[in-house]
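One structure is given below, encoded as structure tokens.
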Amino acid sequence: MRITVIGTGYLGAVHAAGMAELGHDVLGVDVDAGKIDRLTQGVAPFYEPGFPELLRANLDAGRLRFSTSLKEAAEFGEVHFICVGTPQRPGSTSADMKFVDAVIEGMAPHLHQPCLIVGKSTVPVGTAHRLSSMVAQLAPVGEQAEVAWNPEFLREGFAVNDTLHPDRLVVGVSSSEAEATLRAVYDRILEAGTPYIVTDVATAELVKVSANAFLATKISFINAISEVCEAAGADIIPLAKALGHDARIGNRFLAPGVGFGGGCLPKDIRAFLARAEELGVDESLAFLKNIDAINVNRRRSALTLARGMLGGSLSNKRIAVLGAAFKPNSDDVRDSPALSVANALQVQGADVRVHDPEAIENARAAYPLLNYTTDVQKTFEGSELVIHLTEWQEYRDLDPLHLSALVSAPHILDARNTLDIDLWRSAGWTVRAMGRPAR
Ligand code: UGA
């Protein structure tokens, strides 16, 4: 099939290459000419394991190309996937729909043939309905350009696998023709027995925000219990493990630490609540305010623990921060807990040095006043406290004995609870970990 993917960020670029991998003829479109140039040359504009290989293979096979023209997209595609961002609107908690709307405004006037427009972006419920009216008004083909919703559940760091082998496909459609088209698009994925759920468009939109709200709730739940553990001198790690053995609870997304960040969970729960307010059901989602507050508070708790480990003052203290990305295997720093803590430490007078294996360039653009290094040993040199804020495997593999000779005081705070703290302690380090008792 002839498919366009509009928006080539973490979601769209991988989706475009994934659709080509399934055998479709794909055109990826973005307003950012620099990004389109890089993609055309087979260079990934962001760090995502497995993506460069997928991109190059499909460019070489001639099934994938890129453009900045929405007109070209409109003329080319039978199916148009919308994958642009829906960030938090400045000065508000709702989603900013300007990029999605701009795609429809730019593309619809060039739609002369029947086609299916499929939203993948995370949007407030009711968006597909609203876009349908816009398309009907703006497109020469009128209502023969139909709008469907097919939310994306991929995780950064696993985007290639999640695109080609998703755990489910959800399609929100208004007609059996649209459903048949999407079935044909995902033919090869469906052959593998992937669960396929067909709904109306509003339900499909809501599945996505509900999924992210549930994931955020699970993380904030264990982090709230972690706060109680800290106050009571109990240990969140065996507690979480014990909970996870109950199959009804499960152990995934139950990792306590500094909380969630990224371009999705934080803004999605806020936008969900904002939309519920518009619909008059904000009472039902009022708990999401607490989920957000618990999460933001984890960053404060990390600071308090750090200050305590440094004798009550951060002023002029040399601190090594391990991690800048919002999670490992990604160079994404949007709403990163690591950078938010690093910045707060610096604002409160500490001399901070941040290390990350992949995210330094993005981190520097977001927080230009922080000091960065790509050499993990240099981060440790002369530090009075090390704070582990993004759980890269590289940090788990560090040799605490060797590093103890580089620092000026062997103190480490594990804000992700993934280091082997017994190993660090036996190498002479004073270790604190979030939600775990001091020893
Ligand atoms: C999230 C969802 O997991 C995806 O299903 C969804 O498609 C995506 O948002 C999206 O809406 O586009 P992602 O933002 O890539 O994916 O990251 P996650 O793996 O969900 O992690 C989010 C944050 O939660 C990270 O900061 C991570 O460190 C934190 N986290 C995760 C915890 O603090 N504890 C956990 O147990 C799990």
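Observations
- Phi-derived couplings, Karplus 6.51 cos²θ - 1.76 cosθ + 1.60 at θ = phi - 60°, listed residue by residue for the stretch 173-179: 9, 10, 8, 5, 5, 4, 5 Hz, with x used for Gly and Pro.
- Cα-based Rg of the chain normalised by 2.2 N^0.38 Å, two decimals: 1.05
- Whole-Å distance, taken between Cα centres, linking the stretch 211-236 and the stretch 380-439: 22 Å
- Where only DSSP H runs of four or more residues are counted, the chain gives -13000 deg cm²/dmol as its mean residue ellipticity at 222 nm, each run worth -39500 (n - 2.57).
- Amide H to amide H distances under 5 Å link VAL321 with ARG353, VAL354, HIS355, ILE387, where only residues 5 or more positions off or on other chains count and H is placed in the peptide plane.
- For GLY172, the residues whose modelled amide H falls within less than 5 Å of its own, excluding neighbours fewer than 5 places apart on the same chain, are TRP149, ASN150, THR199.
- For the stretch 251-323, the direction-averaged projected area of the alpha-carbon convex hull comes to 7.1 nm².
- Tail beyond 22 Å, pair distance distribution of the stretch 2-199 (Cα, percent): 44 percent
- Taking every Cα-Cα distance in the stretch 358-405 and sorting them into 10 Å bins from zero, the calculated P(r) comes out as 20, 55, 23, 2 percent.
- Per residue, the convex hull spanned by the Cα atoms of the stretch 234-375 amounts to 152 cubic angstrom.
- Using alpha-carbon coordinates, inclination of helix 10-21 to the longest axis of the chain, degrees: 50 degrees
- The C-alpha atoms of the chain define a longest principal axis, and helix 337-347 lies at about 50 degrees to it.
- Counting only DSSP beta bridges whose two residues both lie in the chain, roughly 5 percent are antiparallel.
- Fraction of the pair-distance distribution of the stretch 157-197 above 12 Å, Cα-Cα pairs, percent: 60 percent
- Theoretical FRET efficiency, 1/(1+(r/R0)^6), r = Cβ-Cβ of SER315 and GLU381, R0 25 Å, to 0.05: 0.80
- Helix axis angle, 51-60 relative to the chain longest principal axis, alpha carbon, degrees: 30 degrees
- The H on the amide N of PHE81, modeled in the peptide plane, is under 5 Å from the matching H of THR4, VAL5, ILE6, VAL118, each at least 5 residues off or on a different chain.
- Where the alpha-carbon atoms of the stretch 303-370 are placed on the principal axes, they occupy 34, 20, 18 Å, in descending order.
- Note on LYS289: lysines with a C-alpha under 16 Å away, same-chain residues under 8 apart excluded, are LYS218, LYS267.
Quick note: the coordinates plus some simple rules give every number you see, no bench work behind them. Not measured: the values here are computed from a predicted model. In this analysis, Cβ positions are derived from the backbone assuming ideal geometry, glycine residues included, and neighbour counts consider all displayed protein chains.
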